[in-house]
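Asker: I'd like to ask some things about the structure below.
The values are calculated or read from the model by the stated rules, or taken from the named source; none is laboratory data. This one's a predicted model, so the numbers in the text were calculated from it and none came from an experiment. Cβ placement follows ideal geometry from the backbone for every residue including glycine, while neighbour counts extend to all protein chains displayed. We work out accessible area using only protein heavy atoms, side chains counted, and drop any ligands, DNA or RNA first. Shrake-Rupley method; radii C 1.70, N 1.55, O 1.52, S 1.80 Å.
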Amino acid sequence: MKRSHLVTLALGASLVAGMASAQQTTLRVFSGGQNQRPDLMRKLFDQFQVANPGIKVDIETGGATSELQRQYLSTVLNAKDSAIDIFLIDIVNPSQYSNAGWIEPLDSYVGGTAALKPYLPVYANANVVNGKVAAMPAFADAMFMYYRKDLLEKYKLAEPKTWDELSAAAQTIQKGEGNPNLQGLSIQGAPIEGAVCTFLLPYWSAGKSFNDANGKLTLDKEAATKGMEMWLKLVDQGVMKKNIAEVTTPATVNEFKAGQVAFAINWGFAWDRFKDDADSQVKGKVGVMPLPAMAGGKSATCVGGWQWAVSSFSKSKADAAKLVQFMASPASSKFLAVEGSLLPTVESVYTDADVIKAVPWFKDAAKVVVAGRARPISARYGEVSDVVRTTTSAILARVKTPADGVAEIEGKLNRVMR
Amino acid sequence: MLSKLRDPSEKALAWLLLAPAFILIGLIVVYPIGKLIYNSFFDLRLSGGGGGALFLGLQNYADVIKDADFWNATKNTLLITLITVPGALVMGLGLALLANLPFRRKWPVRLSLLLPWALPLSFAGLIFAWFFHTEYGVVNDIVRRLGLQTEPTMWLLRPNWAFTAICLTIIWKTSSFMALILLAGLQMIPKSLYEAAEVDGANKWQQFWQITIPMLMPSIIVALIFRTITALQTFDIPYTMTRGGPGNTTETLAMLIHKTTIEYLDVGYGSTLAVGMFLLSIVVTSFYLHRVGRNA
């Protein structure tokens, strides 16, 4: 071959390669820590890449907890960094991120708020901010009451419907077992996000609301004080540990898994830990039930879960929105349910035959999630969360009385939630 | 201009050579401090609707003065400084004297001195949080084995105990830094002074107070200044051990600033708090340099 031909060939090849790379878009996704299952998300991204050959999806992980992820993303987005196109955010964050101007409204890509109709109402509501679609639901989560089925059967106890019944049942089991290391109930009292739910669960279960539809604080101080007094009573009765203000989410999971707890409140992900972990002492012995209520009240739970959002600073918003739609689709929701026991945000997926076959407990979970309540939706959620979790932990550590703590929460949040 | 550069006068050349340093200091010191002070006059709430910043004048400063959380954090920061700086000095001096003994193998002693210093602060905090854990902690285990008490102490859930635990951790972590500086100072003291003192009949105690301490004073002051400045910025250890709890009884100024800017996204007020901490650092360090430095 002549030298000039070789040069022409090389030039042509580099031109083709250049065109190919020009058409290729790379989307960078932040998929949080292990609880957000980046391994499963990767499999979905691979499916998306096959269907969209021009788009490549890279994944970034980091931050084990919701607070750490919020802190990381706050820093990146505050710097208007375009390095991340899409990210997962906690259910409490769409309002905050949207008001900060960090996430792209998705209306023009998904066809308006009607796109949220197939989703559970709590997720549809959390993702509409100022009348616009702020993000799309990824997967659900909720606080569940896990219990030792074998122990309840052994002592012929029914699933408790009120907190008082739970206390009585737990004491019967503890007395019967005679094991000083067996706790009656484990909740999260450390100043972490879970402590916000610890404050809200008894309060909600008395039939009270924390905020109105506009996000304004509607705290009933008497009911909130009673809720916190109820937790302290459980400590005094020996049902909960004295150092409950030190207990974190993983501590509850590990202690329940080790067979040291009769009842435990924790997120949905814990189910797989109890069922699948090699060191689990409670395999096949765990039941899930709705949370008990205050006398005369109604069972309520705290809803969690994750949403897909597109960064306002992304340079490929249209492609990013396309990926978000794919990830939020019922098909992806079903995939995550079957492969990773991640709770669906689409109601119809809970009754899907394949899903029920793979994760039979979702039948019971659906009732809990559907009746779940969202933590206060606020543009200043960081403040709301900090005030509630810090004070709740201080009350459980008995550094503050329930009445003083609740008054402090009201005083501080009246300025934030108005 | 060009001709001047080709044939620069000595003065111009000096300025030219200094320019990179000036630019660098301007970018990494003057600009951030200036920007911080500038931000402190604005309502820069990132969660507030994405609008422009609102000029507040001195409002943020007036709010800081009335802010009980600010005074609580200032009190905690000063207390931590007052307890841990002398604590680390005494412990560091002990360690330095120990490392200065004529061991045949010096490296194990020096390595054990370096280890706490080389450990990241947050790791030290996490490790000690486990030590002081009510159920799983080694501290309660030792107390129980010694038969001192049967009911475990909730170290990190009682304000005074939590504060004590944090101070002990900081002293453990920082005394090796003190020891390293003091060890370098100790090795500069001529042996002939001790030999002369021996001849004059001075005992070890007299030698320590009359030779070691006076000769070591410059090193002690350097170590104290460094440690005091970092003590005023205490963040990692209380953050990882207690997160400022129970309640906000162990919250420091640096933690309050972090919470305000990162959790609350209130950059304006956070900047004002940071200016407060900056002023506190300047006041304490100038006092130090003026009083302690003069005696050195």
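Asker: Kindly write out, for region A:159-174 in residue order, the coupling ³J(HN,Hα) from the Karplus curve 6.51 cos²θ - 1.76 cosθ + 1.60 (θ = phi - 60°), rounded to whole Hz, with x marking Gly and Pro.
Answerer: Karplus-based 3J(HN,Hα) across region A:159-174 equals 4, x, 9, 10, 5, 5, 4, 5, 4, 5, 4, 4, 5, 4, 5, 4 Hz.
Asker: For chains A and B, what's the summed buried accessible area, probe 1.4 Å, to the nearest 100 square angstrom?
Answerer: Counting protein atoms only, the buried area is about 2400 Å².
Asker: Compute the acute angle (0 to 90°) between the alpha-carbon long axis of helix A:330-340 and the principal axis of greatest extent of the alpha-carbon atoms of chain A; round to the nearest 10°.
Answerer: 60 degrees
Asker: With θ set to phi - 60° and the Karplus curve 6.51 cos²θ - 1.76 cosθ + 1.60, what are the ³J(HN,Hα) couplings of region A:145-151 in order, to the nearest whole Hz, using x for Gly and Pro?
Answerer: Working through the residues one at a time gives 9, 8, 8, 7, 4, 4, 6 Hz.
Asker: Per DSSP helix of 4 or more residues, -39500 (n - 2.57); summed, then divided by the residues of chain A. What does that give at 222 nm, rounded to the nearest 500?
Answerer: After summing the helix terms and dividing by residue count, I get -14500 deg cm²/dmol.
Asker: For chain B, what does the alpha-carbon gyration tensor say about shape, rounded, prolate or oblate, given a ≥ b ≥ c as the root eigenvalues, a/c under 1.5 as rounded, and a/b over b/c as prolate?
Answerer: oblate
Asker: Taking the Cβ-Cβ separation of A:Asp277 and B:Lys35 as r and a Förster radius of 51 Å, what is the calculated FRET efficiency to the nearest 0.05?
Answerer: 0.55
Asker: Quick one: check the C-alpha center-to-center distance for region A:62-85 versus region B:180-198, whole angstrom.
Answerer: Cα centroid to Cα centroid, the span is 52 Å.
Asker: Calculated from DSSP H runs of 4 or more alone, at -39500 (n - 2.57) each and per residue, what is the 222 nm mean residue ellipticity of chain B, nearest 500?
Answerer: -22000 deg cm²/dmol
Asker: A further question on this structure: Does region B:1-156 come out rounded, prolate or oblate, given a ≥ b ≥ c as the square roots of the eigenvalues of its C-alpha gyration tensor, rounded meaning a/c under 1.5 and, failing that, prolate meaning a/b above b/c?
Answerer: Oblate shape, in that a/c is at least 1.5 and b/c is the bigger or equal ratio.
Asker: As I understand it, the value is the acute angle between the Cα axis of helix A:38-51 and the longest principal axis of the Cα atoms of chain A; what does it come to in degrees, rounded to 10?
Answerer: It is inclined by approximately 30 degrees.
Asker: Which helices of chain B meet both criteria: a Cα extent of 24 Å or more along the helical axis and a mean Kyte-Doolittle score no lower than 0.0, with helices taken as whole DSSP H segments?
Answerer: B:68-99, B:159-186, B:213-232, B:267-295
Asker: What is the spin-label model distance, in nm, from B:Thr164 to B:Phe208 if the labels are put 7 Å beyond Cα along the C-beta direction?
Answerer: Inter-label distance under the simple model: 2.6 nm.
Asker: I'd like the distance separating the alpha-carbon centroids of region A:208-252 and region A:143-207, in whole Å.
Answerer: 13 Å
Asker: So, one more: Which percentage, to the nearest 5, of the DSSP beta bridges contained in chain A is antiparallel?
Answerer: 65 percent
Asker: Let me know the shape class of region A:69-155, please: from the alpha-carbon gyration tensor, a ≥ b ≥ c as square roots of the eigenvalues, rounded when a/c is under 1.5, otherwise prolate if a/b is greater than b/c, or oblate.
Answerer: oblate
Asker: Continuing with the same structure: Search the structure for amide H atoms under 5 Å from the amide H of A:Trp267, placed 1.01 Å from N in the peptide plane, and list their residues when 5 or more places away or on another chain.
Answerer: A:Phe144
Asker: Using only Cα atoms, locate the centre of region A:102-122 and the centre of region B:54-98, then give the distance between them in Å, rounded to an integer.
Answerer: 47 Å
Asker: Using the Karplus equation 6.51 cos²θ - 1.76 cosθ + 1.60 (θ = phi - 60°), what ³J(HN,Hα) coupling, rounded to whole Hz, does each residue of region A:366-383 give in order, writing x for Gly and Pro?
Answerer: Result, ordered by residue: 3, 4, 5, 5, 4, 8, x, 10, 8, 5, x, 8, 8, 5, 10, 4, x, 5 Hz.
Asker: Roughly what would the spin-label model give for A:Glu222 and B:Leu24, points 7 Å off Cα along C-beta, in nm?
Answerer: 6.9 nm
Asker: Relative contact order of chain B: what whole-number percent is it, with Cα pairs under 8 angstrom and at least 6 residues apart?
Answerer: It rounds to 29 percent for chain B.
Asker: Past 20 Å, Cα to Cα, is the threshold; run A:Lys208/A:Lys298; A:Lys154/A:Lys363; A:Lys241/A:Lys400; A:Lys161/A:Lys216; A:Lys275/A:Lys363; A:Lys161/A:Lys221 against it and keep the listed order.
Answerer: Among A:Lys208/A:Lys298; A:Lys154/A:Lys363; A:Lys241/A:Lys400; A:Lys161/A:Lys216; A:Lys275/A:Lys363; A:Lys161/A:Lys221, the Cα-Cα distance tops 20 Å for A:Lys154/A:Lys363; A:Lys161/A:Lys216; A:Lys161/A:Lys221.
Asker: Nearest 20 debye, what's the magnitude of the dipole of region A:248-387 about its Cα centre given +1 on Lys and Arg Cβ and -1 on Asp and Glu Cβ?
Answerer: Taking the Cα centre of region A:248-387 as origin, the dipole is about 260 debye.
Asker: Right, something else. Check A:Glu60: other-chain or 5+ apart residues with amide H under 5 Å from its amide H, H built from backbone geometry?
Answerer: Those lying under 5 Å, H to H, from A:Glu60 are A:Val29, A:Phe30, A:Ser31.
Asker: Please work out how much length the chain gains when fully extended from A:Ala358 to A:Gln171, using 0.36 nm per residue of separation minus the C-alpha to C-alpha distance, in nm with one decimal.
Answerer: Fully extending the segment from A:Ala358 to A:Gln171 adds 63.8 nm.
Asker: Taking Cβ-Cβ under 4.7 Å as the only way to count a partner, pick out the unpartnered cysteines of the protein assembly as shown.
Answerer: So far as the 4.7 Å Cβ criterion goes, B:Cys167 stand without a partner in the protein assembly as shown.
Asker: Identify the residues of region B:97-112 with backbone N under 19 Å of a label point that sits 7 angstrom from the Cα of B:Ala197 along the Cα-to-Cβ direction, or state none.
Answerer: B:97-103
Asker: Another one. Quick one: go through region A:372-396 and flag any residue whose amide nitrogen is under 20 Å from the point 7 Å out along the Cα-to-Cβ line of A:Lys161.
Answerer: Correct set: A:372.
Asker: Amide H of A:Gly305 versus every other amide H placed in the peptide plane: which residues, excluding those fewer than 5 positions away on the same chain, fall under 5 Å?
Answerer: The answer is A:Ile91, A:Asp141.
Asker: Sticking with this structure for a sec: Can you give the relative contact order of chain A as a percent, counting alpha carbon pairs under 8 Å and 6+ residues apart?
Answerer: That works out to 24 percent.
Asker: May I ask you to work out the translational diffusion coefficient for the protein assembly as shown at 37 °C, viscosity 0.692 mPa s, via Stokes-Einstein with Rh from the Kirkwood sum over Cα pairs, reported in whole µm²/s?
Answerer: D = 112 µm²/s.
Asker: While we're looking at this one, here's another question. Report the charge-dipole magnitude of region B:103-229 in Debye, nearest 20, computed about the Cα centre from +1 at each Lys and Arg Cβ and -1 at each Asp and Glu Cβ.
Answerer: Approximately 300 debye in magnitude.
Asker: Let me ask something else about it. Compute the angle between helix A:402-416 and the longest alpha-carbon principal axis of chain A, please, reported from 0 to 90 degrees and rounded to the nearest 10.
Answerer: The helix A:402-416 is inclined about 30 degrees to chain A.
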